[in-house]
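Enquirer: Can you keep this structure in mind? I'll have questions shortly.
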Amino acid sequence: MASPKVAVVGAGVIGLSTALCITETCPSCSVTVLSDQFSPNTTSDVAAGMLIPHTYPDTPIHRQKQWFKETFTFLFAISNSAEASEAGIHLVSGWQVFRSTPKEELPFWSDIVLGFRAMSEAELLKFPQHRFGQAFTTLKCDCPPYMLWLEKRLKATGTQMYTRKVADLWELHSEYDIVVNCTGMGAHQLVGDKQLFPVRGQVLKVHAPWVKQFIRDGDGLTYIYPGTHRVTLGGTREKGSWSLSPDPGATRDIFDRCCSLEPSLQGAQAIEVKVGLRPSRQCVRVQREVLSQGGVKLPVVHNYGHGAGGFSVHRGTAKEAAHLVGECISALQGSSSRAKL
Amino acid sequence: MRVAVIGAGVIGLSSALCIHEQFHGLVPSLELEVYADRFTPHTTSDGAAGLWQPYLSDHGNLQETLWNKETFDYLLGHMHSPASKEMGLYLISGYNLFTEPAPDPSWKNIVLGFRNLTPKELELFPGYSYGWFNTALMLEGRSYLPWLTNRLTQRGVKFFHKKVESFQELFSQGVDVVLNCSGMRSGDLQPDPELQPGRGQIIKVLAPWVKHFIITHDLKSGIYNSPYIIPGSEFTVLGGIYQHGNWSEENSAKDHKSVWDSCCRLLPALQKAKIVDEWSGLRPARPSVRLERESIRLGNRQAEVIHNYGHGGFGITIHWGCAMAAARLFGNILQEKKQLATPPGPRL
C-alpha cells in the first residue's frame, strides 16, 4: 500500500491532534480531516483547555498518567518556544482548594505538573470555607488559537480539511482505506455507542486581565482559569443534558460561586456565555475495530469519550490512535500481500 | 493645624491618607494639602511595574523589612475587598532566577508559598541553575495613585500643582508641618549626597499570555541589571537597567537593545510581542530610607519636617509601612504641641 488514505472524522482537539500524529508516524499516509464543525464552533472551543486531568474510572491509571505526561511534555516544549503565543499555550499557576481534605492528597499527576505542593496556612486564609489546598503550575491551551495552530501544522503537511457531515462511516469506505473516529459526542449517533453520554458544561468567558492565577474547587464545579485574553469561569456538570442553550440561572450561579472564590471578579466585563457537551465515558475509547459489511472490510480506529479531560490527554491518546492506525496499515499490507500469492 | 505634603507619588499620597485617616477625627483643625509638580500618570511611581518585592538582602536593616511586611500584610488584607480592582491590586506568582545558589531573602516568610525551583522548572530558563517561586502582589501605580487621590479628595484634602522651592516657602504661608515625600528631587529642597538616581529603562509590550513575573539576578552586577519581565493588567513590563548616578530621563537605544534582547532570550515568545511604550525613570536610591523628623527654627516658631524619601526601587513594596511610621512621627509632633491632649479652650 503505497499511500494509505486515512480519513479523520472530527476536528476538535482530538481529531486535529490525532491527524497530526498520524502525519508524524506515517509520513506516507494521505490524511484528510472531515468534520461538520471546525474551530471556533467545536466543543473544544468552549473548554478552558487546562491541563488538570480528569480521572476515568475504567482506564488503568498508568495509562492515563502516560497520556497526561506525553501531553504535558509536548505542550511544555511549545510554551517554551517562540511559537507559544501563536499556539495559545502558556503556563499558569494557582490553587485547587477543597472544603474537606480529599482522600487522595496526592493525585496521580502531581509529579507531572510543576512545583506541586500543599497550600500553606497563610494561603488558605484567602479561602475561609476551604480547609485544604494544593498549589501547582500547569499549562493552558487557549482555543481557538491552539486549534488554529494545529490546523496550520496540518496544512503544512499537505493534510486536506473539508466541512462535511458524515452520517455513516461506511460512506467513506470507497474513498479511504482507514477511518479514524474522533467525533466526540457525535459518536453516540455515528457508531451507536450507548456508553457515551453528555455532561453539559456552561462557562462564562469574561474580561478580567488582572486575574493571573487559576483557582479551582476540588469538587470540579467551580473554577477560574485565566487565558490569554479571557478568563473562563465555570461551571456546571449536568449528566445526560443535551441542551446547548445557555441557562441564565446557571450564569448567575456560576458568577456568584466564582466571585466568592475571587471577589475582584465582580468588576469583570464583557461576559460571554458558552455551552459544551463533554463527551463522557467510563473509559476513553482508543481502540481498533474492523467493520464488515457484505464482504467489504473497513478498518476503524476510535479515539473518543474524553469527557472532561480532553485537553489533558489529547496528545497521548492521539499518539496511541496513530499507533493503531499503523497497525491497521500493517494488517492491510499483510492481507494484500497474502492476496498476491 | 496645616500639614503640607510635598510629592504626589506613592509615598506622598499614602502618607497623606494614613495621616488623615488616623488624625482627622482627633484634630478638628487638621488641614491637609498636597503639593507637587508632577501628578499621576507622570510620577516615578506610575512608571514602576508595581510588583511587591524588596531587594534580595536588607543588609541588616530590619526596620525596612518590617515596613515591607506591614505593607504586604496591609495589601493582602485588601485582596478580598471590592476595591482591589480599582486599586490595581492583585495576586501574582513568579520566578526569581540565579546562575548560582543564593541565600534566602529577608522576605521569604512575608510572601506566600516561597520555595526553591524544581529541576523541571529550571528547564524553562536555560542558563539559570537556581531560583525561587513565590506568590506576591502587584499594585499598579497607574491605578493605585488615582485611587489614593480619590480617597484624599473625598476627605477634603486639597491638591496644588506647583513646584515647591523650599520648606520655608510653605512655612511662611502658615504651614505647621511639612511631609517631605519628594523622592528623587529631595536634593533640591535640602542637599543630600546620599540620595542618588538609580536610573531604569523599561519597555512596555502586549503579551497577555504571560502570567508570571520572571526576575533574573546577576549577583555581581547588582540589583535590576539583569532582565526582568513583569505582567501588568494591560501591558507586560520588560526591564533590567539600573544605572547608579545617571540622571537622564531620556530613553537610550543601547538600553533598549539590552532589555529587548535579554528578555527575548529569557522568553522567546516575546519576539512576537508588540511594543507599545518605553519609559525611563530615576529610582530615588539611598543606603537607607530617610524617615525622620527635623525641627527647623523659624524666628519664634518651631517648624517640623517629616522626611520620607529615598525608597529606591522598592517604594511600592515599602510604602504603607513608611506611611504609618510617618503618621507616628506626626502623632509625636501633635503630642509635643499639645494638639492631642485637650480641645482648644480659653486661656486663663
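The values are calculated or read from the model by the stated rules, or taken from the named source; none is laboratory data. In this text, all values refer to a predicted model and were calculated from it rather than measured experimentally. Because the Cβ atoms are built from the backbone with ideal geometry, glycine has one as well, and the counts that use them run over all protein chains shown. Note: accessible area is taken over every heavy atom of the protein model, side chains too, but ligands, DNA and RNA are not part of it. Shrake-Rupley method; radii C 1.70, N 1.55, O 1.52, S 1.80 Å.
Enquirer: Among bridges DSSP assigns within segment A:5-339, what percent are antiparallel (round to 5)?
Expert: 70
Enquirer: Any chance you could check the Cα centroid distance between segment A:254-308 and segment A:26-68 for me, in angstrom?
Expert: If we compute the Cα centre of each part, the gap is 9 Å.
Enquirer: Computed on protein heavy atoms with a 1.4 Å probe, what is the summed buried accessible area for the chain pair B and A, in Å² to the nearest 100?
Expert: Roughly 3000 Å² of accessible surface disappears when B and A pair.
Enquirer: A further question follows. Determine the per residue accessible area of chain B with all protein chains present and a 1.4 angstrom probe, expressed in square angstrom.
Expert: For chain B, the solvent-accessible area averages 42 Å² per residue.
Enquirer: When all protein chains stay in place, what accessible area (Å², nearest 10, 1.4 Å probe) is found for residue A:177?
Expert: Accessible surface of residue A:177 is approximately 40 Å².
Enquirer: What does DSSP give for the protein assembly as shown in terms of the percent of beta bridges that are antiparallel, rounded to the nearest 5?
Expert: Approximately 70 percent, going by the DSSP bridge assignments.
Enquirer: Can you compute the charge dipole magnitude of chain A about its Cα centre, using +1 on each Lys and Arg Cβ and -1 on each Asp and Glu Cβ, nothing else charged? Give it in debye, rounded to the nearest 20.
Expert: Roughly 260 debye, rounded to the nearest 20.
Enquirer: Output the residues of segment A:240-281 meeting this criterion: accessible area (heavy atoms, 1.4 Å probe) in the chain alone minus accessible area with all protein chains in place is 50 Å² or greater.
Expert: SASA drop of 50 Å² or more in segment A:240-281: A:263.
Enquirer: Relative to the longest principal Cα axis of chain B, at what angle does helix B:62-77 sit, 0 to 90 degrees, rounded to 10?
Expert: Tilt of helix B:62-77: around 80 degrees.
Enquirer: Counting other Cβ atoms within 10 Å of each Cβ, which trypsin sites (Lys or Arg not before Pro) in segment B:150-252 have at most 15 and sit in a DSSP loop?
Expert: B:155, B:162, B:163, B:220
Enquirer: Taking chain B as a Gaussian network, where each spring joins two C-alpha atoms under 10 Å apart, which residue of B:287, B:227, B:28 fluctuates the most?
Expert: B:28
Enquirer: Rounded to the nearest 0.05, what FRET efficiency is calculated for residue A:282 and residue A:111 with R0 set to 22 Å and r the Cβ-Cβ distance?
Expert: Working from the Cβ atoms, E equals 0.30.
Enquirer: Where nothing but the Cβ of Lys and Arg (+1) and of Asp and Glu (-1) is charged, how large is the charge dipole of the protein assembly as shown around its Cα centre, in debye to the nearest 20?
Expert: 840
Enquirer: Counting Lys +1, Arg +1, Asp -1, Glu -1, what net charge surrounds residue A:283 among other residues with beta carbon under 10 Å of its beta carbon?
Expert: Net charge in that neighbourhood comes out at +2.
Enquirer: Using the structure shown, list the pairs from A:126/B:204; B:120/B:272; A:205/B:85; A:205/B:274 with a Cα-Cα distance above 22 Å, or answer none.
Expert: Correct reply: A:126/B:204; B:120/B:272; A:205/B:274.
Enquirer: Tally Lys/Arg at +1 and Asp/Glu at -1 over every other residue whose Cβ is under 13 Å from the Cβ of residue B:162; what's the total?
Expert: Result for the neighbourhood of residue B:162: -1.
Enquirer: Do any cysteines in chain A lack another Cys Cβ under 4.7 Å, and if so which?
Expert: If one checks each Cβ against the other cysteines of chain A, A:21, A:141, A:143, A:182, A:258, A:259, A:283, A:328 turn up with nothing under 4.7 Å.
Enquirer: Calculate how many DSSP beta bridges within chain B are antiparallel, expressed in % of all such bridges and rounded to the nearest 5.
Expert: 70
Enquirer: Something else: Calculated FRET efficiency, residue A:291 and residue A:69, Cβ-Cβ r, R0 35 Å, to nearest 0.05?
Expert: The value I calculate is 0.60.
Enquirer: Quick one: check the C-alpha center-to-center distance for segment B:165-198 versus segment B:24-93, whole angstrom.
Expert: 21
Enquirer: For segment A:5-339, with the dipole built from +1 on Lys and Arg beta-carbon atoms and -1 on Asp and Glu ones, taken about the Cα centre, which of A:209, A:172, A:129 lies farthest toward the positive end?
Expert: A:129
Enquirer: Next up: With label points built 7 Å along Cα→Cβ from the Cα atoms of residue B:298 and residue B:26, find their separation and express it in nm.
Expert: With each label point 7 Å from Cα toward Cβ, the separation is 2.3 nm.
Enquirer: Would you be so kind as to identify which of B:183, B:159, B:41 lies farthest towards the positive end of the dipole of chain B, taking Lys and Arg as +1 and Asp and Glu as -1 on Cβ and the Cα centre as origin?
Expert: B:159
Enquirer: Only helical DSSP H runs with n ≥ 4 go in: add -39500 (n - 2.57) per run for chain B, normalise by residue count and round the 222 nm mean residue ellipticity to 500 deg cm²/dmol.
Expert: -8500 deg cm²/dmol
Enquirer: With an 8 Å Cα cut-off and a minimum separation of 6 or more residues, compute the relative contact order for chain B in percent.
Expert: In percent, rounded to a whole number, it is 24.
Enquirer: Something else: Using only helices, what value at 222 nm comes out for chain A when you add -39,500 (n - 2.57) per DSSP H run of length 4 or more and divide by the total residues, to the nearest 500 deg cm²/dmol?
Expert: Taken over chain A, the calculation gives -9500 deg cm²/dmol.
Enquirer: Between A:266, A:129, A:293, where does the largest GNM mean-square fluctuation fall for chain A, given springs only between Cα atoms within less than 10 Å?
Expert: Comparing A:266, A:129, A:293 in the GNM, the peak value goes to A:293.
Enquirer: I've got another one for you. Leaving out ligands, DNA and RNA, what percent of the accessible area of the protein assembly as shown is carbon and sulfur, probe 1.4 Å?
Expert: Roughly 53 percent, rounded to a whole number.
Enquirer: In a Gaussian network model over chain B where Cα atoms closer than 10 Å are linked, find which of B:245, B:60, B:232 has the largest mean-square fluctuation.
Expert: B:60
Enquirer: Right, here's the next one. Can you check what the net charge comes to around residue B:67, using other residues whose Cβ is under 15 Å from the Cβ of residue B:67 (Lys, Arg +1; Asp, Glu -1)?
Expert: Result for the local shell: -1.
Enquirer: Suppose R0 equals 35 Å; then what is the FRET efficiency for residue B:192 and residue B:258 from their Cβ-Cβ distance, rounded to the nearest 0.05?
Expert: FRET efficiency, residue B:192 to residue B:258: 0.70.
Enquirer: To the nearest 20 debye, what is the magnitude of the charge dipole of segment A:99-166 about its Cα centre, counting +1 on the Cβ of each Lys and Arg and -1 on the Cβ of each Asp and Glu?
Expert: 480
Enquirer: Another one. Between A:98, A:188, A:331, whose Cα lies farthest towards the positive end of the dipole of chain A when Lys and Arg beta carbons carry +1 and Asp and Glu beta carbons carry -1, centred on the Cα centre?
Expert: A:331
Enquirer: Simple spin-label model, 7 Å along Cα-to-Cβ: residue A:118 to residue B:37 in nm?
Expert: My value for the distance between the label points is 5.8 nm.
Enquirer: Which positions within segment B:177-216 get 40 Å² or more of their accessible surface covered by the other protein chains, compared to the chain by itself, with a 1.4 angstrom probe?
Expert: Residues of segment B:177-216 that lose at least 40 Å² of accessible area once the other chains are added: B:208, B:209, B:211, B:212.
Enquirer: Under a plain spin-label model, where a point goes 7 Å from the Cα along Cα-to-Cβ, how far apart in nm are residue A:155 and residue B:279?
Expert: Inter-label distance under the simple model: 3.9 nm.
Enquirer: Enter the angle in degrees (range 0 to 90, nearest 10) between the Cα long axis of helix B:315-336 and the first principal axis of the Cα atoms of chain B, meaning the one along which they spread out most.
Expert: Tilt relative to chain B: about 10 degrees.
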